[in-house]
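Bear in mind these aren't lab numbers, they're just calculated from the coordinates by the rules spelled out. Remember, predicted model here, so these are calculated numbers, not experimental data. Glycine gets a Cβ as well: all are built from the backbone with ideal geometry, and neighbour counts include every protein chain shown.
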Amino acid sequence: MIKLYEGGVYLVNGTEIVPEAEAARVRQLTGKDADKTEAKKGTIAYGILKAHNQSDDMDALRIRFDALTSHDITYVGIIQTARASGMDTFPMPYVLTCCHNSLNAVGGTINEDDHMFGLTAAKKYGGIFVPPHMAVIHQYMREMHAGCGKMILGSDSHTRYGALGTMAVGEGGGELDKQILGDTWDSAYPGVVAVYLTGRPAPFVGPHDIAIAICGAVYKNGYVKNKVMEFVGPGVASMTTDYRNGVDVMTTETTCLSSVWRTDEDTKAYLEDHGRGEDFRELNPADIAYYDGCVYIDLSSIRPMIALPFHPSNAYTIDELNANLTDILRETEKAAEKISQGRAPYTLLDKVRDGKLQVQQGIIAGCAGGLYTNIVETANLLRGKSIGPGEFTLSVYPSSMPLYQDLAAKGYFTDLIAAGSVIKTAFCGPCFGAGDTPNHNGLSIRHTTRNFPNREGSKPGQGQMSAVALMDARSIAASAACGGILTSAELFADAFGDVPAHTFDDSSYKARVYQGFGKADLSCGLFYGPNIKDWPERAPLSENILLKVCSKILDEVTTTDELIPSGETSAYRSNPLGLAEFTLSRRDPGYVGRTKAVDALEKAREQGEDLAALAPELPGIFEVIRSLPGQEDVRMEETEIGSVLYANRPGDGSAREQAASCQRVIGGLANITQDYATKRYRSNVMNWGMIPFHLKGEPDAFEVGDYIYVPGILSAMDGDLSDIPAYVIRDGRAEEIHLYCREMTANEREIVKAGCLINFNRNAKKK
């Protein structure tokens, strides 16, 4: 059972939930009156945020983190930005992992070139470098850096170490650059929602079952959006820390801001096993703590789950799906038709054989699936069994080399291999489409983090489409034992529960990980491959701007994977202009050509060239503009021209700043939305000098190809952003619309005015 409370609650003595409307009960339980202001300070999150806040105002946080982490899709761009902004050395531990583009299969040498850049940057600036195949980013941080009461910032959206008492946040690279350059992560104090756990999971229920159930309950209604999820209650103790890690990392899929758990003796044992007992501190809410909401979960009621394509919140119990296969799969096929836009067929009903669903592939991998307990339980079930010689395949990726060592030493790999599984090294590829892409029209069941459209590597534009359903490793193992027939782990209930303690051996890390924090050597040269390019220059914001609508997406949500595809295209991530060629390629293939044409106009304007020769419609556009009140003196050569993307709710998913920077480097100047799916995407938009507009009303007044004139936007950045008049110029007329920007910090306003974070930092250096 999962219950969402309406309104806030008081948690008393860690066990009694008192709805705010019944606050008088607090006195009955404690002898004290409920004081909401003071009780808000009783959460674990408040204490951690206060300890890291650099301002005296807890309503307007300015956070300095304890450590940073990035993987090889993002660290080159982050370091290049920091260098362009005047970086000296890394002022805190900065971990650079090579877990996303570990396979050098696309683009020749460019992946390994980036790895060499990362190693030389770690030597030059004092970083920590984790070579390919050693560990996925989040497992390394759990094993080596996360600890009770800490805060860690990562450039990956699944930066979540709450089960170790660490509040971790996934943001775009610009936010890491601010930390490197001595600035802060600025945010209004977030809401904090209690996730109250009671009961105990059944032996056949794994962390993904709990996580998928949570996503299904809170994603669509936005219950925890941009809030901190704080896991409390007696049910926490029913799970080992390794198990908790598997639940915690999936909180990203709820669109929450961060997460943190109460800690206990098992947390202490985990940290001691990893040689970091000093990082343990018992964390519990105060005797009276106030939360902005509460998700109540009876763990004993959770059953094996499946998240069907195309989102982790598309949740069903496996039993429910198997009992209603035709109806549920037909709805999923309809969603696939919408996603493929007629470019590629995708069917599921043809996979129903004798009333059961045949799947083609199983994957257990990454920061969610490749954990010790998951792999041990998989091996326990498959011991002495065979997955068979048919179409179903199973690959298992331990999430770090120390895990690999321990699992091999205890013989679990022998059991998995004998059953027909393939053991692979630590790699995030299956999570974002750079490894184990299924066959065309195939269905993959995965204990990984996401099942967004085309994130498994398919290419509808080329007639190729497959899809992923998320499941726990235990049910994947059960399905494997049945030759790929979708099966609940409950069928093999007696196979689970025999999990010996993990033994951590960091000898592989000592042998291969470069530990350079505090050892910067500025004389060390940086390795540059031919694909590694500097960021193109961007001009500061002008007083008046003219936006050309280059894409209009009316989907309910637009993911970052749709804005800039993951998978093999991310191999080009260190070449801003090269990667930008793939912007919206799987959603609106014409976008790049449109916005590059707009960018050519702006570059011509900056060079003083004749714009009318390049765009004959512009003189007529400006004639209409000059007919507007107060715009009589507006000149074409003084008006900045850029492209604009409209999407209802963009930015769900990855923290990759390329989702915004790829728009910016080829002419993007603004987004117009109804809402931003995540804080991190909105931050990326601003850090790359684009204006984060919202639209009042529906987007009926403009279409792709229309121009939108926004007068006085530079001045507005110094004042009121709650109502910004703008004009759609079409057919010789101007139609007024109204835009606005939600609250922006002083620095965010200055960054947009400067044209991007790099310009802002350069300006600061000059002062």
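Taking Cβ atoms as reference points and 11 Å as the exclusive limit, the residues near A60 contribute a net charge of -4, counting Lys and Arg as +1 and Asp and Glu as -1.
Using the per-residue mean of other Cβ atoms lying within 10 Å as a proxy for protection, in what order, highest first, do the peptides 463-473, 573-583 fall?
Values: 463-473: 26.1, 573-583: 21.5.
Listed from highest to lowest mean packing, they are 463-473, 573-583.
Checked against a 31 Å cut-off, the cross-linked pairs K41/K178; K356/K552; K3/K178; K178/K603 give Cα-Cα distances beyond that limit for K356/K552; K3/K178. Approximating the spin labels as points 7 Å out from Cα along Cα→Cβ, the S523-to-D720 distance works out to 6.1 nm.
With Cα atoms defining each centre, the range 465-500 and the range 340-374 are spaced 12 Å apart in the structure.
Of all DSSP beta bridges in the chain, what percent run antiparallel (nearest 5)?
For the chain, the DSSP antiparallel bridge percentage is about 40.
In whole Å, what is the distance between the alpha-carbon centres of the range 1-78 and the range 549-614? Centre-to-centre distance over Cα atoms comes out at 40 Å. Protection proxy ranking of 44-56, 137-149, by the mean of other Cβ atoms within 10 Å over each peptide's residues and highest first, is 137-149, 44-56. The ellipsoid equivalent to the alpha-carbon distribution of the range 305-487 has semi-axes of 27, 18, 13 angstrom, derived from the gyration tensor eigenvalues as √(5λ) and listed largest first.
Please give the peptides 176-186, 536-546 ranked by average Cβ packing (other Cβ atoms within 10 Å per residue), highest first, as a rough proxy for protection. Could the numbers behind the result be given before it?
Numbers: 176-186: 21.0, 536-546: 18.5.
Top of the packing list down: 176-186, 536-546.
Of the two radii for the range 64-185, the radius of gyration is 0.95 times the Kirkwood radius, both from the alpha carbons; that is the Rg over Rh value.
Within the same chain, aspartates and glutamates fewer than 8 places from K519 are excluded, and of the rest, those with a Cα less than 17 Å from its Cα are D88.
Annotation for the range 255-297 versus the range 423-445: alpha-carbon center distance of 32 Å.
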